[in-house]
Amino acid sequence: MRRIYIINGTSDSRFIIKRLRHDNYIISSAVTDEGIKKLSDLGIDAVKGPLDINEMMNLLREKNIDLIIDASHPFAYSISRTAMTASEELGIDYIRYERPSILYESTSTFSSYDEIADCLNRMKCRALITTGIKNIDYIKNVIDKKNIIIRVLPRPENIERLINIGIPEKNIIAMEGPFTYELELAIMNNYNIECLVTKDNGDIEKIKAALEKGIKILILKRDNMEYKNVYNDINEIIKVVYNVKSRGNLQEKP
């Protein structure tokens, strides 16, 4: 049995937890009370995150963790840096699960939110924004806000923030995923969407729906983050966990 700290942040991380929880000790973290509850419902020890380097190292020592599985969101760079630093400082094995990229030849890619705002002003399209609430202030620079539809988690503070930057209430979709292809297609049809704005976060269903409708896709690219021991297949991670049964025997993946 291994003692594993799984960094939560996507539906994939919860799937990994479900695959490993019966034969291993698992502790995980979540940034919301709702996330903590979901982990607790799985019978998993859970802590409130994100953790800074001292908090993470203390947790790893206290729980005698011998493996970190970093399944955080593809854009949660600071969390991954903290986890890799902690693993090196304490000599703990580290594995990164990285969702496959969703970039296609037909998509337009951008390095910053400001570039996306400029593009929306040039295109003057009815846009579905699915980049999350954290950096949503870039929408302030979009002139025609009546044609901006934004999907966020259903929290009062999120809705209030969108209203404060000028988004009409009727243009706010407050929903929690995961979203199926059929639901994504229905949303795009219902709101007469002409372009999709998203991040390269591995969420393929909305990309498939947008491609089906033939609408423009604008994607914020990932940074060139250098991870250790990166896997894009959950089954490969499960194999590694069960094949490498003790701390320090994990061979780094080239």
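Quick note: the coordinates plus some simple rules give every number you see, no bench work behind them. Treat the numbers as computed from the prediction; the structure is a model and nothing was measured. For neighbour counting, all protein chains shown are included, and Cβ atoms are generated from backbone atoms with ideal geometry for every residue, glycine included.
Couple of notes before you dig in:
- Sum of -39500 (n - 2.57) over DSSP H runs of 4+, divided by residues of the chain (222 nm, nearest 500): -11000 deg cm²/dmol
- Straight Cα distances below 19 angstrom link residue 221 to the aspartates and glutamates 98, 105, 114, 115, 118, 137, 200, 203, 205, with same-chain residues fewer than 8 positions distant left out.
- Taking the centroid of alpha carbons for each part, the range 7-21 and the range 73-121 are 18 Å apart.
- Per the chain, cysteines lacking a partner by the 4.7 Å Cβ criterion: 119
- Excluding same-chain neighbours fewer than eight residues apart, the lysines reachable from residue 228 by a Cα-Cα span under 20 Å are 239, 245, 253.
- Taking the chain as a Gaussian network of alpha-carbon nodes connected by springs under 10 Å, the highest mean-square fluctuation of the residues 111, 29, 87 belongs to 111.
- Loop-located trypsin sites (Lys or Arg not before Pro) across the range 95-192 with a Cβ neighbour count of 13 or fewer within 10 Å are 124, 134, with loop assigned by DSSP.
- 10 Å Cβ shell holding at most 10 others, DSSP loop, GluC sites (Glu not before Pro): longest site-free stretch of the chain: 106-225
- The candidate values are (1) -0.27, -0.76, -0.98, -1.34; (2) -0.22, -0.68, -0.94, -1.53; (3) -0.38, -0.84, -0.97, -1.29; the one derived from this structure for log10 I(q)/I(0) by the Debye sum over Cα atoms at q = 0.07, 0.12, 0.14, 0.18 Å⁻¹ carries the label (1).
- Relative compactness, the range 96-204, computed as alpha-carbon Rg over 2.2 N^0.38 Å: 1.05
- Gyration tensor (Cα) of the range 1-56, equivalent ellipsoid semi-axes in angstrom: 17, 14, 9
- In plain terms, the bigger the Kirkwood radius, the slower the diffusion; for the range 73-154, with that radius from Cα pairs, at 20 °C and 1.002 mPa s, Stokes-Einstein puts D at 137 µm²/s.
- Its Cα centre serving as origin, the chain has a Cβ charge dipole (Lys and Arg +1, Asp and Glu -1) of approximately 300 debye.
- Each label was represented as a point 7 Å from its Cα along the Cα-to-Cβ direction; for residue 19 and residue 146 these points are 4.9 nm apart.
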